[in-house]
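Only one structure is covered here, and it is reproduced in the block below.
Every number here is computed from the coordinates shown, using simple stated rules; none is lab data. Treat the numbers as computed from the prediction; the structure is a model and nothing was measured. Cβ sites come from the backbone with ideal geometry, for glycine too, and all protein chains shown count toward neighbours.
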Amino acid sequence: MKYIQKSKEPDSLTKWKQKLGSRTPDWKSFPQPVKNEVYHSLLQEQGFICCYCGMSIARKQCHIEHFRPKSVYKDLTFEYTNLIASCQGEDEHRPRVPVHCGHKKQAWFDEELMISPLDPKCADYFKYSGFGEILPTDDHDKQAAAKTTIQKLALSIDKLRKMRRAAIDATLLATDGLTATEVQLLAQGYEKPDADGRYMPFSAAIMYILKQYF
């Protein structure tokens, strides 16, 4: 999981909410033009990776996720600070692919046990193996939340493990012949988006593995 620094909400969302006043309508009433701008803003601030697993996403490969479920926290339905982009699009409520991340989480939420990608320290809860496994950190105080989040989001399923391993293997191949300093610089590069504003998919796992070198 990689920290997401929220940006200012789109002006169109602000203006639409102002028109609502104190009303909080159903999510299905969200105007599509405003919703599209929210999608664009979320993808930009996340560097086009899933808020939970870190895979690469685009507009039709994701859905707007309510970190605190809208079915429970109705007043946060249209609050931009509660909106993030999760992989698996709006039309993927089918058994053709393993369900994970936002669709797996559904309406579950626990203030103490759900790790937020909006927490600057969220990456500290996890560690990764060279085989692509995601595991709870060794820090005892963080293990319960890490284990629960991994389970509730299905982050350890074979599909995601294989994708993480492929990303890690490709990176390790690129480090062949590099000095420790050069590997460190490479790791620092993964902490930033590229020229197109995109993060490397599974960059949190890649950075963790690279940092084991120095």
- [ ] Starting from the amide H of Phe126, placed 1.01 Å from N in the peptide plane, find each other amide H under 5 Å away whose residue is 5 or more places distant or on another chain.
- [x] Thr137
- [ ] Search the structure for amide H atoms under 5 Å from the amide H of Glu65, placed 1.01 Å from N in the peptide plane, and list their residues when 5 or more places away or on another chain.
- [x] Ile84, Ala85, Ser86
TODO: Work out the charge dipole of region 10-151 with +1 on the Cβ of Lys and Arg and -1 on the Cβ of Asp and Glu about the Cα centre, then indicate which of Ser12, Pro117, Gln44 is farthest towards its positive end.
DONE: Ser12
Task: Simple spin-label estimate for Lys121 and Asp141 in nanometres, 7 Å along Cα-Cβ - done: 0.6
Task: Whole-Hz ³J(HN,Hα) from phi, Karplus 6.51 cos²θ - 1.76 cosθ + 1.60, for region 22-30, glycine and proline x - done: 8, 6, 10, x, 5, 4, 5, 8, 4
Open item on the list: Among the listed pairs Lys35/Lys211; Lys19/Lys152; Lys2/Lys162; Lys35/Lys127; Lys105/Lys211, which have their C-alpha atoms separated by more than 28 angstrom in this model?
Closed with: Lys35/Lys211; Lys19/Lys152; Lys35/Lys127; Lys105/Lys211
- [ ] Using a 10 angstrom cutoff on alpha carbons, build the Gaussian network for the chain and name the most mobile of Leu20, Leu160, Leu83.
- [x] Leu20
Task: Lys159-Glu112 FRET efficiency (beta carbon distance; Förster radius 25 Å; 0.05 resolution) - done: 0.35
Task: Debye equation applied to the C-alpha atoms of the chain, log10 I(q)/I(0) at 0.15, 0.16, 0.18 Å⁻¹ - done: -0.98, -1.10, -1.34
